[in-house]
2 protein chains.
Amino acid sequence: MATRDGRGDDEDVSALLDGLRIIEGSAFVAAPSGGMTLSQLGADVIRFDPIGGGIDHKRWPLTAAGRSFYWAGLNKGKRSIAVDIRNAEVRELISALVTDAGTFLTNFPAKGWLSYEALSENRSDLVMVAITGNRDGSTALDYTVNSAIGYPLVTGPVGGAEPVNHVLPAWDLICGQTAAVAVLAADRRRLREGIGASMSIALFDVALAAISALGHVGEAQINNEERSRYGNDLYGAFGAEFKTADGRRLYAVGISPRQWASLLEATEAADDVAEIESRRELDFADEGDRFRARAEISAVMQVWIGDRSLADVSARFDGLGVCWGPYQSFGELVRNDPRCSIDSELFRQIDQPGIGSYLVPGSPVSLDGVLPIEPVAAPELGAHTDEVLSEVLGLSSAEIGRLHDRGLVDGPASL
Amino acid sequence: MATRDGRGDDEDVSALLDGLRIIEGSAFVAAPSGGMTLSQLGADVIRFDPIGGGIDHKRWPLTAAGRSFYWAGLNKGKRSIAVDIRNAEVRELISALVTDAGTFLTNFPAKGWLSYEALSENRSDLVMVAITGNRDGSTALDYTVNSAIGYPLVTGPVGGAEPVNHVLPAWDLICGQTAAVAVLAADRRRLREGIGASMSIALFDVALAAISALGHVGEAQINNEERSRYGNDLYGAFGAEFKTADGRRLYAVGISPRQWASLLEATEAADDVAEIESRRELDFADEGDRFRARAEISAVMQVWIGDRSLADVSARFDGLGVCWGPYQSFGELVRNDPRCSIDSELFRQIDQPGIGSYLVPGSPVSLDGVLPIEPVAAPELGAHTDEVLSEVLGLSSAEIGRLHDRGLVDGPASL
């Protein structure tokens, strides 16, 4: 485990998940992101894929040469083995890896040789997390969960009639983190009580739990009320989009008393906003009243912001501790924002085999004020096939050679 | 811990996080959702709040009487204590709770009496996770992260010029799960090595890590290309919105070969789509080519779907295993979808004090094929003040009474 400069020699401090090995049989976002999170905290995550790559190996966005930024992004720090998973002998090898590791994370159907029953035969304390679409095993992806969960009908401009999907695969990412939680929760019980766990998590249930947590289910059921579209306005408090004199856009928020006060001060809006408050007989100490008067409040602040460049607004807002952010594209973020650069400890400029040198983040979890583990690239598909067969399963070079000769396993060279 | 019928008597099976106690000092979404996730897996999570409630206690959506669905949704299963956190004596009580529990999750500023240094004075193996906006400690909320991270400029209709925020506080939810991961990862090291951990997680870093994982940073940096807006189309493969004869909308996806084949079969589109493939000299075995021809492919499928009601389409799609979902509002979801009802094991119809009886979910993590822990409501603010002071800190009734008399602590009755 490569630790940051000045920490690598400290024998007393090991990575949080040192000694945890996880086998991952996965594709797409949820399971891979969960495994990567654990890898970036120090676990040894070994992902197996079919020879030539799984269904997500060429998932967009791609480089000009057809390599997947997505696959590279979701598999950083793992070890990769490429095997013919249809072959019975290979399945025994994967089962042996799971037996050795004791922990298995997957979004493949947990049936047959990949069932908990089969995999725990030689490892009674196996911890396994299987991610599914719906809890009944039927298929659902982030996109179809999203359409059914309610958000596309409240996203987008006020008065719009068309559903607007969010582009971020949020449900997958939340589910992936939940899967990582489940792995560690079950591992905790195993450490204390010596027993395993057969777990599954349905993507649709994750989304249902989230919208319930945020109050949408209660609002629909008890208030019997459909949420309207509020465009980019922050529901129930004050948050709005503004335009600057140089044609940029920004978002500013006043939820806490301090945020609200600093936004009023920064935009010299206190008097005019007090006039609105008085005239409309509202109390802007109540965030709901700010929401009710948001159009008038925004209009006042827009006058001040619209007279100034983003740079001038930024300097004043930052000086007064306003909670705000510019709107920026992915390109602008990468080109201009120091938080997304090698000036941030989160990133290193790293060579990703087959793709090139670009910004690669590590775990966002800091320890003692630093991000302890160096960001690393994703492996080439099959980069660790021989190493894992040899070191983990104890196969000899001759045995590994025969597996290659029969086309049952593959390394990166022939890809 | 209330377990599901038929499991409660099994003394051998404890909840995954049995014995883990966490003190939570929090507001809004990220930290509370992380704490709730751990609570719903069996941890004893004690949230402290100011008397009368913290800054999120009246966060919208609200009932007609002004009670927050949001607060109730994000604090299910926790114990709640209400205290005067400005008082030095109370701060010592909270510190004593943290010392007892050994684990502290917060999004309050981790300074002064809430610093790791201060809180670990009597508990050298303290595990603490502090969530911040930016890593430098400056403020950022989900909304301002979102504007700066790139998605609003690729969300919404093709050709649109306005930024479109997604409404789901996705970064908060992802961050909350990451915080739960961090708690358990550090607890694992503590169980094995006896040492604590002072951790922090910046919301902006969580978002940066996510967009890097999905390939947006690489695409911007290496391809030097801004992602366009693709409306509701699934980027890089086939997924699209359709309208039915009865005016409903649905989303259908064909990423895997099986999904693609079943969608073609279900919509009787195979011949026409093969004609498109041949005429445009594309290969629809390549998901990227499906994306390139998505407008023509959708048009063919729309003819079949547009001739039928949602009920008819649904029956055929489900019969053939198509990956699809209807568009539905939160209200439609709650009224019509059995997955969001007491027919689902995820939910119980539960009385939430002050709000009423509604659908409350538990953890989406199933164990041995069942969701093991009964869903429970959120506490009333301060419902456990006396219980925690007595049972955890060992204060006498007289001591607790004096704290009440001096207005330093409060229970639910006087609220």
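The values are calculated or read from the model by the stated rules, or taken from the named source; none is laboratory data. As the structure is a prediction and not an experimental result, all values here were calculated from the model. Glycine gets a Cβ as well: all are built from the backbone with ideal geometry, and neighbour counts include every protein chain shown. To get the accessible areas, we keep the full protein, side chains included, count just its heavy atoms, and leave off ligands, DNA and RNA. Shrake-Rupley method; radii C 1.70, N 1.55, O 1.52, S 1.80 Å.
For segment A:262-282, indicate whether the set of residues that are among the small types (Gly, Ala, Ser), within 22 Å of B:Val145 (Cβ to Cβ) and within 8 Å of another protein chain (Cβ to nearest Cβ) is non-empty. Within segment A:262-282 (the criterion being among the small types (Gly, Ala, Ser), within 22 Å of B:Val145 (Cβ to Cβ) and within 8 Å of another protein chain (Cβ to nearest Cβ)), the answer is no, since none of the residues qualifies. A single entry from A:Arg47, A:Arg79 fulfils the requirement of being within 22 Å of A:Leu114 (Cα to Cα), open to solvent by 10 Å² or more (accessible area, probe 1.4 Å) and touching a helix residue (DSSP H, G or I) at 6+ places or on another chain (Cβ under 8 Å): A:Arg79. Just one residue in the set B:Gly137, B:Gly156, B:Gly160 is facing chain A (nearest Cβ under 7 Å) and in a loop (DSSP other than H, G, I, E, B); that residue is B:Gly156.
Note on segment B:25-44: residues that are crowded, with 24+ Cβ neighbours inside 10 Å and over 17 Å from the mean Cα position of the chain (by Cα) amount to 1. Residue count for segment A:51-60, restricted to those that are open to solvent by 40 Å² or more (accessible area, probe 1.4 Å), within 14 Å of another protein chain (Cβ to nearest Cβ) and closer than 14 Å to A:Val409 by Cα: 1. Which one is farthest from the other protein chains (Cβ to nearest Cβ), of the residues in segment B:330-353 that are crowded, with 21+ Cβ neighbours inside 10 Å and in a loop (DSSP other than H, G, I, E, B)? If we take residues in segment B:330-353 being crowded, with 21+ Cβ neighbours inside 10 Å and in a loop (DSSP other than H, G, I, E, B), then B:Ser344 is farthest from the other protein chains (Cβ to nearest Cβ).
Per the listing A:Ser120, A:Ser124, A:Ser147, the residue uniquely open to solvent by less than 40 Å² (accessible area, probe 1.4 Å), on the phi < 0 side of the Ramachandran plot and more than 11 Å from chain B (Cβ to nearest Cβ) is A:Ser120.
Only a single criterion out of (1) more than 7 Å from every other protein chain (Cβ to nearest Cβ); (2) open to solvent by 10 Å² or more (accessible area, probe 1.4 Å) is not satisfied by A:Leu203, namely (2).
Screening segment A:166-186 for residues that are open to solvent by 10 Å² or more (accessible area, probe 1.4 Å) and in a loop (DSSP other than H, G, I, E, B) and picking the one that is farthest from the other protein chains (Cβ to nearest Cβ) gives A:Pro169.
At least 2 residues being touching a helix residue (DSSP H, G or I) at 6+ places or on another chain (Cβ under 7 Å) and open to solvent by 40 Å² or more (accessible area, probe 1.4 Å) is the threshold, and among the helices (runs of 4 or more DSSP H) wholly inside segment A:211-315 those reaching it are A:270-279. Tell me which helices (runs of 4 or more DSSP H) are completely within segment A:14-107 and hold 2 or more residues being polar (S, T, N, Q), or say none if there are none. Output list reads A:30-40, A:88-101.
Restricting attention to segment B:213-236, the residues that are more than 7 Å from chain A (Cβ to nearest Cβ) and within 27 Å of the chain's Cα centre (by Cα) total 4. The condition of being in a strand (DSSP E or B), touching a strand residue (DSSP E or B) at 6+ places or on another chain (Cβ under 6 Å) and open to solvent by 20 Å² or more (accessible area, probe 1.4 Å) does not hold for B:Ser366.
Scanning segment A:158-211 for residues that are of a type in the set (Phe, Trp, Tyr) and more than 18 Å from B:Ala180 (Cα to Cα) gives a single hit, A:Phe204.
The set of residues in segment A:187-219 being farther than 16 Å from B:Leu38 by Cα, of a type in the set (A, V, I, L, M, F, W, C) and free of Cβ contacts under 8 Å to residues at least 24 places away in the same chain consists of A:Leu191, A:Leu214, A:Val217.
Scanning segment A:172-186 for residues that are free of Cβ contacts under 8 Å to residues at least 40 places away in the same chain and farther than 19 Å from A:Val127 by Cβ returns a single hit, A:Ile174. Summed over segment B:109-150, the residues that are of a type outside the set (A, V, I, L, M, F, W, C) and in contact with a strand residue (DSSP E or B) (Cβ under 6 Å, 6 or more places away or on another chain) give a count of 8. Taking into account only those residues within segment A:189-200 that are within 7 Å of another protein chain (Cβ to nearest Cβ) and closer than 18 Å to A:Val98 by Cα, which is surrounded by the fewest Cβ atoms within 10 Å (Cβ to Cβ)? Ranking the qualifying residues of segment A:189-200, first place goes to A:Leu191. Here A:Arg348, A:Arg316, A:Arg339 are screened, and the one residue that is among the charged types (D, E, K, R), modelled with pLDDT of 95 or more and in contact with a Phe, Trp or Tyr (Cβ under 7 Å, 6 or more places away or on another chain) is A:Arg339.
Residue check: is B:Arg86 closer than 14 Å to B:Ile23 by Cα, of a type in the set (D, E, K, R) and modelled with pLDDT of 95 or more? When the stated conditions are applied, B:Arg86 does not pass them. When every residue of segment B:392-408 is checked against the conditions, at least one turns out to be polar (S, T, N, Q), more than 11 Å from chain A (Cβ to nearest Cβ) and without any contact (Cβ under 8 Å) to a residue 40 or more places away in the chain. Across segment B:392-415, the number of residues qualifying as at pLDDT 95 or above, over 18 Å from B:Gly25 (Cβ atoms) and under 31 Å from the mean Cα position of the chain (by Cα) comes to 0. A count restricted to segment A:61-72 and to residues that are surrounded by fewer than 20 Cβ atoms within 10 Å (Cβ to Cβ), within 8 Å of another protein chain (Cβ to nearest Cβ) and in contact (Cβ under 8 Å) with a residue 24 or more places away in the chain stands at 1.
Matching residues to (1) part of a loop (DSSP other than H, G, I, E, B); (2) open to solvent by less than 50 Å² (accessible area, probe 1.4 Å):
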residue	(1), (2)
A:Leu359	no, yes
A:Ala377	yes, yes
A:Leu381	yes, yes
A:Glu387	no, no
A:Gly394	yes, no
A:Ile400	no, yes
A:Gly407	yes, yes
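Got at least one residue in segment B:286-302 being under 30 Å from A:His57 (Cβ atoms), within 30 Å of the chain's Cα centre (by Cα) and among the hydrophobic types (A, V, I, L, M, F, W, C)? No; the residues of segment B:286-302 include none that is under 30 Å from A:His57 (Cβ atoms), within 30 Å of the chain's Cα centre (by Cα) and among the hydrophobic types (A, V, I, L, M, F, W, C). When A:Thr106, A:Thr155, A:Thr144 are checked against the criterion of being modelled with pLDDT of 95 or more and within 30 Å of A:Leu403 (Cα to Cα), A:Thr106 stands alone in meeting it.
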